[in-house]
Amino acid sequence: MAVIVILADMAIMKWCPPHLYDDGGINKKLFSKRPIPHIIFLTLLISFAEEMLFRGVLQTHIGLWAASLVFAVLHFRYLTKWLLFIMVTAISFLLGLIYEWTGNLFVPVTAHFIIDAVFACQIRFEHVRRDTHDEHV
């Protein structure tokens, strides 16, 4: 599931105008200058905490759809960006589905971690590549 989400997100970034998927630079500010071990730690902590709350607690009490919407709304910076809001809602729904299918919270935690870690590392590597390019120009 993580690979599908990553590929879908890469396709959106390739085919859609940047203003549709721009989160205001928050993720770049968070991850562009962090060492990789910090990125791994942060994304692991985030994925574990969010999945424990949204799948382990909310989804079991209010259901898949409601937990997915709460997850999306709490990522409030996406509320004014319709494409990002749809994407985060869909990802949350997929994470909830794999939790329901497997009955194992470790599965959505792992998928969430892979998704976040890949994108955070991508931001970090783009920053390093840009700095290296600027030094050679």
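The values are calculated or read from the model by the stated rules, or taken from the named source; none is laboratory data. The shown structure was predicted, so the numbers you read here are calculated from the model rather than taken from an experiment. No Cβ is skipped: glycine too gets one built from the backbone with ideal geometry, and neighbour counts run over all protein chains shown. Only protein heavy atoms, including side chains, enter the accessible area calculation; ligands, DNA and RNA are left aside. Shrake-Rupley method; radii C 1.70, N 1.55, O 1.52, S 1.80 Å.
Express in nm, to one decimal, how much length is gained between V3 and F125 on full extension, taking 0.36 nm for each residue of separation and deducting their alpha carbon distance.
42.0 nm
What is the dipole size for the range 41-137, taken about its Cα centre, with +1 at each Lys and Arg Cβ and -1 at each Asp and Glu Cβ, in debye to the nearest 20?
Roughly 200 debye for the range 41-137.
Per residue Cα convex hull volume for the chain, in cubic angstrom?
Value for the chain: 106 Å³ per residue.
Can you compute the helix-only [θ] at 222 nm over the chain? Use -39500 (n - 2.57) per DSSP H run of at least 4 residues, normalise by all residues, nearest 500 deg cm²/dmol.
Estimated from H runs of four or more residues: -24500 deg cm²/dmol.
Rounded to the nearest percent, how much of the accessible area of the chain (1.4 Å probe, protein heavy atoms only) is carbon and sulfur?
On the chain, the fraction of accessible area on carbon and sulfur atoms equals 73 percent.
Sorted by packing (mean other beta-carbon atoms within 10 Å per residue), highest first, where do 113-125, 74-86, 10-22, 41-53 land?
113-125, 41-53, 74-86, 10-22
Are there any helices in the chain, counted as whole DSSP H runs, that stretch 18 Å or more along their axis by Cα and score at least 1.0 on average by Kyte-Doolittle, and if so which?
Span-like helices, by this rule, are 2-15, 36-51, 82-102.
Could you tell me the distance between the Cα centroids of the range 97-126 and the range 1-73, to the nearest Å?
The two parts, judged by their Cα centres, are 8 Å apart.
What does the extension gain come out to for T102 and A49, with contour length at 0.36 nm per residue minus their alpha carbon separation?
Contour length minus Cα-Cα distance gives 17.2 nm.
Would you mind working out the accessible area per residue for the chain, using a 1.4 Å probe, and quoting it in Å²?
Accessible surface, normalised per residue, equals 61 Å².
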